[in-house]
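None of the figures in this text is laboratory data; all of them are computed from the coordinates on show. As the structure is a prediction and not an experimental result, all values here were calculated from the model. Counting neighbours? That spans all protein chains shown, and the Cβs are built from the backbone with ideal geometry, glycine included.
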Amino acid sequence: MTVESVSLIGGAWGWVRRRDAGPVSIVVALLIIWTVFQSLNNVFLSPENLFSLSRQISYGGVVSLGLVLVLLIGEVDLSVGSVGGLAAAVLAVLVENHGWNPYLAIAVTLAMGAGLGCVQALIFTRFNVPSFVVTLGGLLLFYGLQLRVLGSTGTIRFPFGQTIAQIENKTLGSAVTYTALVIVIMVLVAAEFAGRTRYRREQLPATGVVTIAARLVLVTAALLATVWELNRAGGVPLAFVILLGLVTLGWLITSRTRYGLNIYAVGGNAEAARRAGIGVTATRISVFGVCGATAAFGGIMSGSYVGAASQTLGGDTLLLYAIAAAVIGGTSLFGGRGSTWAALLGWLVIGSIYNGMFLLNLETDIQFMIIGGVLIGAVIVDSATRRARAVHDR
Amino acid sequence: MTAVLSLASISKRYGAVQALDGVDFHVSTGEVVALVGDNGAGKSTLIKIMAGVAQPDSGLIEFENRPAVIHRPHDATRLGIATVYQDLALCDNLDVVSNLFLGREILRRGALRPLRIANRVQMSRRGRDLLRRLRVEIPDVRVPVAALSGGQRQAIAIARSLLGNPKVVLLDEPTAALGVTQTAQVLELIKELKSQGHGVVVISHNLSDVFDVADRISVLRMGRNAGEFVAESSTSAQIVAAITGVSGEHARNGRETGVRP
């Protein structure tokens, strides 16, 4: 091996050790899943199938994004599925039955989702009961509301080609996506080296050039491959761009801002956070507000995907998969560990499994069992990581 | 030496329990005072009153020779009294820098200011300088505190309390859970605090630790002052006698004050 490749591996390993090894192991798992399905059916990695996969995971990914934040503060929100279903129903009534402007209606619906999240958090912080129970109540309550809002018809269609349906059906062409890709990579390069310069100016240990280069090459390759493949199938779905954008925004907020640090602190040690003067209750309520809003948006996107708001929307597997994806993606159920990328990575795993099994004509029963097994595996890894840290602590 | 923080005739009652009964206590700049006593002697209550977590029923508190009112922890912090509790209150999932600046992060200035972005570079630099000044060995301030030893964690908790440049630092059982080497590290750190002019109050059950760092030893027994000793000229037998209240022993020490019949 050359000196460069040794230092490259060394840099990569250091990076893995310093951070959670989580994201890397999930990417490896994902590559294995893709290899298996591709070898069983060579349609799996075709541009057309990856195009459908990127659409299939988008609405669920948005729901999981808020859930990741909730898990980071050490709570759980079981109501996201029915908040999503209710949001799609309310949006459908406002736009299709009352003729509201779709953008205004979306804004109102998102605000409603945020409000529902905040109210649930107010209740569990005020009365000191587990979020698990309060949001279980919320799940039932909002599902009831969803049925009531939809009324006797039970289903309200989003006409194809109009604004709501466009969220999941619009694609961005190669001109837009490649331009965006170049800008994103330029920003990444600039940010990495600016950060390095700032650390070096204060004589602090800075990330090595090799590590930065490796990171940039990997991210560029992944983004380029994604954009290239999806453009071969006709463009990058808008919904997938929305998911990527929101996950990135969430990551910037949680990893860079004081608010993000507060979230991790509350999840790591709420008492320590309180003594340090952090508004623990305010943090909890705001995180549930964000989760309610993303749940509502995910529900709207789900309605856009199926072309209608219905009684079953958000009710069947959306909640279960949204929680499973957050955990499979590497968010700890014990709070304080994980990142918003878990929403994307977890859904890539789940989406790949059910998409791949669909291509193999495997029945739904097997799908559920496999995804259930993967979830249990992820929880075991989470718990083992936590224990390893506790032992290391001694 | 004049006292930076002094408490006179402090009494505190919890229901039927008289936790403190007319207790006097003081600490000066550059002085380490050990607060010792058996379980239930009132050490924790006295610390809580100084930290603003509990309020005395009666008594007088003076800070820098001016009467002070400490209603809330915030009041204590503002006066310049920092407290390190036994459980350290660290977030294991966060790195050293984030723990040091927990709740008072340095934010980016300029155009980024409204976004309230933490200035990790400034925090890392100031954190590193602070730890160096205290001679605390941490390989990298960006490792999670879960990866540190008990002594290092204690050092981080103490270092954090110094960020506001307090005049008095209250340490609740800083060596209780530590091994021999780590205890020695923390005791060195306490001496460093003293040499930098902080007044230090240490609660401890370990008399050899107490004799190692303390200038003065203040004994509480059943909520009352039970003797005050200059560490250099006393023996641990005298301290034990004062703690347990075995008569005759502590009466030999000429420096004791405040013992009630």
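Brief remarks follow.
- Whole-angstrom Cα spans of the stretch B:1-152 along principal axes, big to small: 52, 36, 36
- Cα pair distances of the stretch A:155-258 binned at 5 Å [whole percent]: 2, 10, 15, 18, 17, 13, 10, 6, 4, 2, 1, 1, 0
- Bins of 20 Å, starting at 0 and running to the largest distance - Cα pair percent for the protein assembly as shown: 17, 42, 27, 13, 1
- Label separation (B:Ser9 vs A:Asn361): 9.5 nm, computed from points 7 Å beyond Cα along the C-beta direction.
- Across q = 0.25 Å⁻¹, the stretch A:174-233 modelled as identical point scatterers on its alpha-carbon atoms has Debye log10 I(q)/I(0) values of -0.98, in the order of the q list.
- Where both bridge residues fall in the protein assembly as shown, DSSP classifies roughly 60% of the beta bridges as antiparallel.
- Chain A: most fluctuating residue of A:Ile106, A:Ile376, A:Ile164 per GNM, C-alpha cutoff 10 Å: A:Ile376
- Whole-Å distance, taken between Cα centres, linking the stretch A:88-132 and the stretch B:1-36: 54
- Peptide-level mean, for A:66-73, of C-beta atoms on other protein chains within 10 Å: 0
- Taking other C-beta atoms within 10 Å as the exposure proxy, B:Arg125, A:Arg215 rank A:Arg215, B:Arg125 from fewest upward.
- Within the straight-line cut-off of under 28 Å between alpha carbons, the lysines reachable from B:Lys167 are B:Lys12, B:Lys43, B:Lys48, B:Lys191, B:Lys194, sequence neighbours fewer than 8 places apart in one chain being disregarded.
- Estimated from the Cβ-Cβ distance and a Förster radius of 60 angstrom, the FRET efficiency linking B:Gln196 and A:Ser383 is about 0.85.
- In a reduced charge model with +1 at each Lys and Arg Cβ and -1 at each Asp and Glu Cβ, the protein assembly as shown shows a dipole moment near 1380 debye about its Cα centre.
- Whole-number percent relative contact order across chain A, with pairs defined as alpha carbons under 8 Å at least 6 apart: 35
- Counting Cβ atoms of other protein chains within 10 Å of each residue's Cβ and taking the mean over peptide B:84-94 gives 6.
- Here the stretch B:93-151 and the stretch A:42-81 have alpha carbon centers that stand 33 Å from each other.
- Square roots of five times the Cα gyration tensor eigenvalues for the stretch B:88-163, Å: 23, 13, 10
- Solvent-free Debye scattering, log10 I(q)/I(0), computed from the Cα coordinates of chain B at q = 0.12 Å⁻¹: -0.73
- In summary, the stretch B:37-93 shows an alpha-carbon radius of gyration equal to 1.26 times the 2.2 N^0.38 Å reference for compact globular proteins.
- Listed residues B:Pro174, B:Gln152, B:Pro139: farthest to the positive end of the dipole of the stretch B:112-210 (Cβ charges): B:Pro139
- Positive-end extreme of charge dipole, the stretch A:174-233 - chosen from A:Val189, A:Ala221, A:Gln203 (charges on Cβ): A:Gln203
- Taking amide H as placed 1.01 Å from N in the peptide plane, B:Gly199 has its amide H under 5 Å from the amide H of B:Gly30, B:Glu31, B:Val168, B:Val169, each at least 5 places away in sequence or on another chain.
- Relative contact order %, chain B, counting alpha carbon pairs below 8 Å whose residues are six or more apart: 25
- In a reduced charge model with +1 at each Lys and Arg Cβ and -1 at each Asp and Glu Cβ, the stretch A:174-233 shows a dipole moment near 180 debye about its Cα centre.
- Candidates A:Asp316, A:Asp382, A:Asp365, ranked by Gaussian network fluctuation over chain A, Cα under 10 Å, top entry: A:Asp365
- Set of aspartates and glutamates near A:Lys170 by C-alpha distance (under 20 Å), chain-local residues within fewer than 8 positions excluded: A:Glu48, A:Glu96, A:Glu229
- Spatial separation of Cα centroids for the stretch A:133-149 and the stretch B:160-174, in angstrom: 49
- Given charges at beta-carbon only (K, R positive; D, E negative), |dipole| of the stretch B:88-163 in Debye: 440
- Take the Kirkwood radius over Cα pairs of the stretch A:206-314, plug it into Stokes-Einstein at 10 °C and 1.306 mPa s, and you get 91 µm²/s for translational diffusion.
- Stretchable slack from A:Leu218 to A:Val27, in nm (0.36 nm times residue separation minus alpha-carbon distance): 67.6 nm
- Gaussian network model of chain A, Cα within-10 Å springs - most flexible of A:Phe288, A:Phe160, A:Phe297: A:Phe160
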